[in-house]
Amino acid sequence: MPDTTAPMSRVQHAAGQAQASDGPEWPLPARDDLLRLYRDMVLIRRFEEVVNELYLQGHIPSTLHLYIGQEAVAVGVCAALRPDDYLLSTHRPHGHALAKGVAPGAILAELYGKATGTCKAKGGSMHVGDIRLGMFPAIAVVGGNVPLAAGAAFASRMLKNGRVTACFFGDGAVNEGAWHEGVNAAAIWDLPIVFVCENNLYAASTPVQAVVKTATVAERALAYGLPGVTIAGNDVLAVLQASQQAVERARAGHGPTLIECLTYRQCGHSRSDPRTYRAREEEAAWKLKDPLDQYRGWLVSAQQVAEAQLAGLQAEVEQIIRDAIEFAENSPLPDPDSIYADVFKD
Ligand SMILES: Cc1ncc(C[n+]2csc(CCOP(=O)(O)OP(=O)(O)O)c2C)c(N)n1
Ligand SMILES: [Mg+2]
């Protein structure tokens, strides 16, 4: 029998030679891992809420794109990765970085423009990353990270280091020329990549159905000869299941998979977005599908996790955030003499 205790239906639509399925054979993660998924989503949610407040208070120069509402995607994908696997991100990278294990203090310090930031203050929000943890500094050129992901995966194959590359992008990336070139290169060379489309229905103010003619993004995979699946991106277990299958396929040398995660950004696109392009009713409907609320409800009802235990995880997260703020605020500004350091190759 399929696992009826799962929070929502898993794979909604499959295209091409889809691998993910709602089969009974998928074992639920161990209890500690289930709790870890929740804790990691809470960390991202709270981090972003606090970053928004700090931004409004004037602590953070430059712009921001928050990840509120999409937490299940980053957490589900990264839970399927090894620590040394690669991750390439976008202009909306904080959640990806936290899920990959980048220190919250180092991310926040980067946002503050401090010397202890992940890019020593040379990147800011849209370039957060730590290559020591497998995360390339994020790339804000929409679709621009896709050919680079193919390059990273090509290097892994040449070096035979067994690393898989996870490449995140939004629905707005899939009409960029770079996206098609990168996906095609990965397909023809059977590169170890998992392409993760976070379809949050809008590219800034442009609705996806206005610029994508097919019913799903995933079915475009068929044109390139790789499997594509569309899943409920607010269901962290659905994301984890599809990611595990795609990672396994990539690591075994069978090539890339495209996973389209249907999700919704609960905040504006970036700072000062009045969201006039979408209906408040639509926002309310997606709020009912909040990834944290749904997963928390399932943990309590189907897994009998005590509310007190979840409150403990939340308290742990609050402390991590307090420590991150303290770290960022107490960190020094970069030395002006370091302005050309790490910019040119020696
Ligand atoms: C090549 C390119 N064109 C335009 C922009 C400006 N821009 C930044 S984010 C964005 C929308 C991206 O939408 P999507 O890929 O769906 O990601 P989301 O913001 O929804 O996470 C645009 C148009 C850019 N950064 N790069
Ligand atoms: Mg989008």
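Readers should treat all values here as calculations from the given coordinates under stated rules, not as data from a laboratory. In this text, all values refer to a predicted model and were calculated from it rather than measured experimentally. Don't worry about glycine lacking a Cβ; one is built from the backbone with ideal geometry, like all the others, and counts go over all protein chains shown.
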Looking at the square roots a ≥ b ≥ c of the eigenvalues of the Cα gyration tensor of region 223-263, which shape do they give, rounded for a/c under 1.5, prolate if a/b is larger than b/c, or oblate? oblate
Which helices, taking whole DSSP H runs in the chain, have alpha carbons extending 18 angstrom or more along the helix axis plus mean Kyte-Doolittle at least 0.5? 145-159
For the chain, what class follows from the C-alpha gyration tensor (a ≥ b ≥ c being the square roots of its eigenvalues): rounded when a/c is under 1.5, otherwise prolate if a/b is larger than b/c, else oblate? rounded
Expected sort for 50-56, 241-247 on mean C-beta neighbours within 10 Å, highest first, is 241-247, 50-56
Have a look at region 65-211 and give its Rg and Dmax from the Cα atoms, expressed in angstrom. 14.7, 43
Compute the FRET efficiency between Ala215 and Leu288 as 1/(1 + (r/R0)^6), taking r as their Cβ-Cβ distance and R0 = 25 Å, and round to the nearest 0.05. 0.60
Just how far, in whole angstrom, is region 312-326 from region 155-183 if you go by their alpha carbon centroids? 33 Å
Over its Cα atoms, what ratio of radius of gyration to 2.2 N^0.38 Å does region 47-142 give? 0.99
Given charges at beta-carbon only (K, R positive; D, E negative), |dipole| of region 214-345 in Debye: 620 debye
The distance between the Cα centres of region 107-154 and region 23-66, in whole Å, is 18 Å
Put +1 on the Cβ of each Lys and Arg and -1 on the Cβ of each Asp and Glu in the chain; which of Val174, His65, Val51 then has its Cα farthest toward the positive end of the dipole? Val174
Within the set of other residues whose C-beta is less than 11 Å from the C-beta of Cys197, count the net charge using Lys and Arg as +1 and Asp and Glu as -1. -2
For Asp273, distant residues with modelled amide H under 5 Å away: none
Can you order the peptides 183-193, 209-219 by their average number of other Cβ atoms within 10 Å per residue, highest first? 183-193, 209-219
Charge sum, other residues only, whose C-beta stays under 11 Å from Ser156's C-beta, Lys/Arg counted +1 and Asp/Glu -1: +2
Using +1 on the beta carbon of Lys and Arg, -1 on that of Asp and Glu, and nothing else charged, what's the dipole of the chain about the Cα centre, debye to 20? 480 debye
In the structure displayed, which of Lys100/Lys122; Lys160/Lys345; Lys160/Lys287; Lys120/Lys213; Lys122/Lys287; Lys122/Lys289 lie more than 32 Å apart, Cα to Cα? Lys160/Lys287; Lys120/Lys213; Lys122/Lys287; Lys122/Lys289
Could you give the size of the charge dipole of region 109-212 about its Cα centre, using +1 on the Cβ of each K and R and -1 on the Cβ of each D and E, expressed in debye and rounded to the nearest 20? 500 debye
With the convex hull built on the Cα atoms of region 151-286, state its orientation-averaged projected area in nm². 8.8 nm²
Of the DSSP beta bridges with both residues in the chain, give the percent that are antiparallel, rounding to the nearest 5. 25 percent
